[in-house]
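**Student:** Before I ask anything, here is the structure I am working with.
The values are calculated or read from the model by the stated rules, or taken from the named source; none is laboratory data. Since the model is a prediction, treat every value here as computed from it, not as a measurement. Please note: Cβ atoms are built from the backbone with ideal geometry, for glycine as well, and neighbour counts cover all protein chains shown. Accessible surface areas use protein heavy atoms only, side chains included; no ligands, DNA or RNA. Shrake-Rupley method; radii C 1.70, N 1.55, O 1.52, S 1.80 Å.
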Amino acid sequence: MSFTPNPSTARVRTAHQIRVFLRAWARDPLGVAAVLPSGRQLSQKMLKPLSLLPDSDPAVQRVVELGAGTGAFTRALVEHGLQRRNLLVVERDAALHGLLRQRFPDLQILQADACALRAAAQASGYLQHGPADAVISGLGLLSMPRATQRSILTEAFSILRPGGCFVQFTYGHASPVSRALREEMGLQVRRAGLAWRNAPPASVFVYQRGFTAAHTCTAADTTQ
Ligand SMILES: C[S@@+](CC[C@H](N)C(=O)[O-])C[C@H]1O[C@@H](n2cnc3c(N)ncnc32)[C@H](O)[C@@H]1O
């Protein structure tokens, strides 16, 4: 894949990506749950808890991304050196899925529903090489009914190793997964950063279940 250095070509591509995203939003405003793709600062904040940054312990190697949209987080994952065979990208919308396939022809990108993640990951062969270390979620979790949240989190934790991380952003300061659902599912949560330059500003939360000190992701970024 190539990220062209030509600024005018890059602008045309970005405009095209925004058009595809806006059309997806017009078709399904609640599902897409944002009118603009995430920016660079939020993408970096989403990756920070994963030890993927230079000079960090590479404890997190296998990642599944949910709700990739136009690929803001996908691009960041690739740029930070995640090996392509260790990355599985999931997007439900057909047009956005097509765009992602064009942008990242070498990656495994599934058109699938996060509510059926385990079956999709199994069918793709991803799980043959072991569970995921982390799930990066670009889903609009906050705007989903609790039953859908429960279903997505259950599927995600079913493919995560013990101590694996579910990383989620939200437009606001509170966890998008309620205390009641966290307690029901035995999830711990920590706030892992604020992307104040994002439009709109967004907070990053990390959820874990049944972890031991030996298995945890590295300490979350608590800076802004
Ligand atoms: C808030 S947008 C974020 C897109 C991208 N991650 C970003 O940050 O720019 C949410 C994305 O999740 C996708 N999506 C919504 N529900 C989904 C589901 N159940 N399974 C897979 N993708 C879903 C939408 O089509 C949309 O692309």
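**Student:** Go through region 135-178 and count every residue that is open to solvent by less than 10 Å² (accessible area, probe 1.4 Å), at pLDDT below 95 and of a type outside the set (A, V, I, L, M, F, W, C).
**Tutor:** 2
**Student:** Filter region 92-122 for residues that are part of a helix (DSSP H, G or I) and hydrophobic (A, V, I, L, M, F, W, C) and give the result.
**Tutor:** Scanning region 92-122 gives A94, A95, L96, L99, L100, A114, C115, A116, L117, A119, A120, A121.
**Student:** One residue is enough: does region 132-144 have a residue meeting the conditions over 30 Å from R179 (Cβ atoms) and part of a loop (DSSP other than H, G, I, E, B)?
**Tutor:** No, region 132-144 contains no residue that is over 30 Å from R179 (Cβ atoms) and part of a loop (DSSP other than H, G, I, E, B).
**Student:** Where residues in region 74-94 are near the ligand (Cβ under 9 Å from one of its atoms) and open to solvent by 10 Å² or more (accessible area, probe 1.4 Å), which of them is nearest to P131 (Cα to Cα)?
**Tutor:** If we take residues in region 74-94 being near the ligand (Cβ under 9 Å from one of its atoms) and open to solvent by 10 Å² or more (accessible area, probe 1.4 Å), then E91 is nearest to P131 (Cα to Cα).
**Student:** Separate question: Considering region 124-134 alone, what residues qualify as being in contact with a Gly (Cβ under 9 Å, 6 or more places away or on another chain) and either among the hydrophobic types (A, V, I, L, M, F, W, C) or open to solvent by 30 Å² or more (accessible area, probe 1.4 Å) (or both)?
**Tutor:** Passing the criteria: P131, A132, A134.
**Student:** Still on this model: Somewhere in region 20-40, is a residue more than 14 Å from the ligand (Cβ to nearest atom) and open to solvent by less than 70 Å² (accessible area, probe 1.4 Å)?
**Tutor:** So far as region 20-40 goes, no, none of its residues is more than 14 Å from the ligand (Cβ to nearest atom) and open to solvent by less than 70 Å² (accessible area, probe 1.4 Å).
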